[in-house]
Amino acid sequence: MSEKTGTFSIVKKTVRFMLKEAWSCKRSYFLLQLFDIIFQVAAPFVEIIFTPLLIDELLGGRRIKLLIIYTALVCIGGIACTFGTNFVRISEERIAVLFENRISEQMSRRVMELDFQLTEDKDALDQIEKARTGMSWYSDGIHGIIGSLSKLVSSLLKIVGSVGVIAYRAPVLIPVTVVLMVITILLQRKLSQISIESFKSLSKLNRIFDYLFYEITDVKNGKDIRLYSAEDMMLKKAAEYNNGSLEQSRWEAKKGLPANLTLSACDCVRDAANYFTAGYLAVMGKITIGVFSQIISAANALHLAMRRTAGAAQELIERCNYAYEYLKFSDYPPALKKGSKSVENTSHTIEFKNVSFTYPNTTVEALKNISITLRPGERLSVVGLNGAGKTTLIKLLCRLYDVTDGEILLDGVNIAEYDIEEYMKLFSVVFQDFKLFAFSVEENITLGEKGKDVQKYVQLSGLDGAFENGADTMLFKQFQENGVEPSGGQQQKLAIARALFKDSPVVILDEPTAALDPLAEYEIYNSFDKLVGSKTAVYISHRLSSCKFCDRIAVFSDGCIKELGSHDELIAVKDGIYAQMFNAQAQYYT
Ligand code: ADP
């Protein structure tokens, strides 16, 4: 998407998107918009048409019946328009909440479905932030954009009506008015470009500020922040970014000053021209006082409508530019190749063939020419020091990233050729930084999947009796005062229960036990290994607790497999990495 901002194409695409969304969400909204336009347009013309009649009747015939009729028309017309507009606006606001919810839901879904790789990509994160802010408070979303559009339509209709009245009563005013209108539109456009430029610079600042704000207020960070007295540093950083956004506002105000001053000068010229012309015609006896007031009212209405049109057009362009970031995000190019092949329902062989990988935007190879085959039902232990590349191997296997070189084959077929959702179902992974949510124990285990007996998995993972309300126990305190803070061990068991519940043919434990002592870790592997049954399993650790349960051990170092074999084979390699590690840790396992 390389269109220039502010172009007609952006407005067209965004408006089309918003209209489509509004149509599928609430059709009656369009009827409300129609009434909104009718009331908006009618309001000034009640005054323009009937007030002059009233004035001329007061200064002339003073017929009571006509005076009452004109007064009633002015009052009732005005009140009807005001009430109508308010009623319509209140109903529109109610529907706007539906629109907001719809977009929030779409946005959350899209963020969750985004290729994992992009969640660590600065540009993608920037785009998410631009989409989020652009579609909410910057543009007011669907209602904001359709509202601006109907404002534009009603203002254009008011222009047509006012010009009609002026052209009929004092055509000489038309050229001045048109010239001022053009100047106003050009200046408003300039101001709009400045504010869009400013929005783009602010999005990065907003993302950093949001991060700091979240870190400061997230109760989970409470301990670290208090113990290390980090609040001053956090607030200082937040203040620095705050200053950055203030600076940006100052820049915007300074840059827009000449245009704003010229706009004020245009107002003075307009008033002078209107009063002079209409006054001259009245003094010369060419028009009545009623018509004088009609010209002034029409000229004022025209001026307001022009300002409103320029404002609405500018607002529409601006809002579309902001909201367009959401469309761009919706179409964000995938980071991974997406195949369509179905995964066959057999036991699977996985082969890494000369796989190398470098993380995006880095230069160091995290994996170098890895070749290893994982047979169905095999237990593989992947060990090595921190940073050796163990987790990267799993991320590639689970298609969180695509390999840089070489290929990974599932049953002889490159994994990129499979339908990614089907492929991902093959793996139950418990990562070191697994995440539990502030939902019930059951929801944390099933993640919405229905049809299996949760209780069985609660028992299997050793959590039976751990929580007072069993699977209905709410975790954490965000939503429930009596929510439970599970211990580290309980959290690991919950994560393991989740992995077992998924019941995939390949299970992977990526050091979820790193925070435990070696013996507790050994215990977890011991019970987990029994639960895994005939599935293929990969256990990752920088310690050797898991090796006892495995057919083979792959020793990683510096992105390479340095040793590969059974415990007995590797322990026999004199001065081998495994043998050294084992001897150093032997006290825990003998
Ligand atoms: P291990 O699991 O053995 O501790 P990792 O696979 O996590 O090692 O990391 C291997 C290398 O890749 C390390 O040098 C690490 O700094 C780097 N690395 C890991 N994750 C990322 C990432 N998201 N972006 C850039 N580099 C990364």
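Only the coordinates and a few stated rules stand behind these numbers; no lab work does. If you're wondering where the values come from, they're calculated on a predicted model, not measured in any experiment. No Cβ is skipped: glycine too gets one built from the backbone with ideal geometry, and neighbour counts run over all protein chains shown.
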Exercise for review: Compute the long axis of helix 577-589 from its Cα atoms, compare it with the longest principal axis of the Cα atoms of the chain, and write down the angle in degrees, 0 to 90, nearest 10.
Suggested key: 80 degrees
Point to revise | Cβ-placed point charges (K, R +1; D, E -1), dipole of segment 437-485 about Cα centre in debye, nearest 20 | key: 160 debye
Practice item. Can you give me the three principal axis dimensions of segment 232-330 from its C-alpha atoms, in Å, biggest first? Key: 75, 33, 20
Practice item. State, as an integer percentage, the relative contact order of the chain based on alpha-carbon contacts under 8 Å between residues 6 or more apart. Key: 15 percent
**Study point:** Linear extension gain, Leu336 paired with Ser229, 0.36 nm per residue minus alpha-carbon span
**Key:** 34.3 nm
Review point. Do you know the relative contact order of segment 437-485, to the nearest whole percent, from alpha carbon pairs under 8 angstrom that are 6+ apart?
Key: 44 percent
Study note, to complete from the structure: proj_area_mean for segment 415-526 (convex hull on C-alpha atoms), units nm², value 7.9 nm²
Revision key, fill the gap. Subtracting the Cα-Cα distance of Glu449 and Asn260 from 0.36 nm times their residue separation yields 62.2 nm
Review point. How large is log10 I(q)/I(0) at q = 0.23 Å⁻¹ when the Debye formula is applied to the Cα atoms of segment 320-411, each weighted equally and without solvent?
Key: -1.25
Check your understanding: Which part of segment 231-254 falls in the paramagnetic zone of Glu197, meaning amide N under 20 Å from the point 7 Å along Cα-to-beta-carbon?
Key -> 244-254
**Study point:** Proxy reagent accessibility, fewest Cβ within 10 Å first, across Leu396, Leu125
**Key:** Leu125, Leu396
Study note, to complete from the structure: Beyond 20 Å (Cα-Cα) in this structure, taken from Lys450/Lys535; Lys435/Lys477; Lys390/Lys548; Lys20/Lys130, we find Lys450/Lys535; Lys20/Lys130
Review point. Distance from the Cα centre of segment 244-293 to that of segment 1-80, in angstrom?
Key: 23 Å
Exercise for review: Be a star and scan segment 352-383 for residues whose amide nitrogen sits under 17 Å from the point 7 Å along the Cα-to-Cβ vector of Asp123.
Suggested key: 359-363
Check your understanding: Counting every Cα pair in the chain, what percent are over 46 Å apart?
Key -> 40 percent
Revision key, fill the gap. Beyond 17 Å, the calculated P(r) of segment 405-472 holds a percent of Cα-Cα pairs equal to 59 percent
Point to revise | Stokes-Einstein translational diffusion, segment 437-485 - Kirkwood Rh over all Cα pairs, 0.890 mPa s, 25 °C, in µm²/s | key: 223 µm²/s
Review point. Angle, helix 122-135 long axis vs. longest principal axis of the chain, Cα atoms, 0 to 90°, nearest 10?
Key: 40 degrees
Revision key, fill the gap. If the chain between Ser28 and Asp568 were fully extended at 0.36 nm per residue, the gain over the current Cα-Cα distance would be 187.0 nm
**Study point:** Lys, Arg +1 and Asp, Glu -1 on Cβ, resulting dipole of segment 328-406 about Cα centre, debye, nearest 20
**Key:** 100 debye
Exercise for review: Could you check how many percent of all C-alpha pairs in segment 249-298 are farther apart than 13 Å?
Suggested key: 65 percent
Revision key, fill the gap. Only helices counted: for the chain, with every DSSP H run of 4 or more residues adding -39500 (n - 2.57) and the sum spread over all residues, [θ] at 222 nm is -21500 deg cm²/dmol
Review point. How big is the Cα convex hull of segment 23-118 in projection, averaged over all directions, in nm²?
Key: 8.4 nm²
Point to revise | DSSP beta bridges in the chain [antiparallel fraction, %, rounded to 5] | key: 50 percent
Exercise for review: Taking the Cβ of each residue in Val291, Val283 as the centre, tally the other Cβ atoms inside 10 Å and list the residues starting with the fewest.
Suggested key: Val283, Val291
Review point. What's the exposure ranking of Cys398, Cys547, going from fewest to most Cβ atoms within 10 Å?
Key: Cys398, Cys547
Practice item. Apply 1/(1 + (r/R0)^6) to the Cβ-Cβ distance of Ile208 and Gln432, taking R0 = 25 Å, and write down the FRET efficiency to the nearest 0.05. Key: 0.45
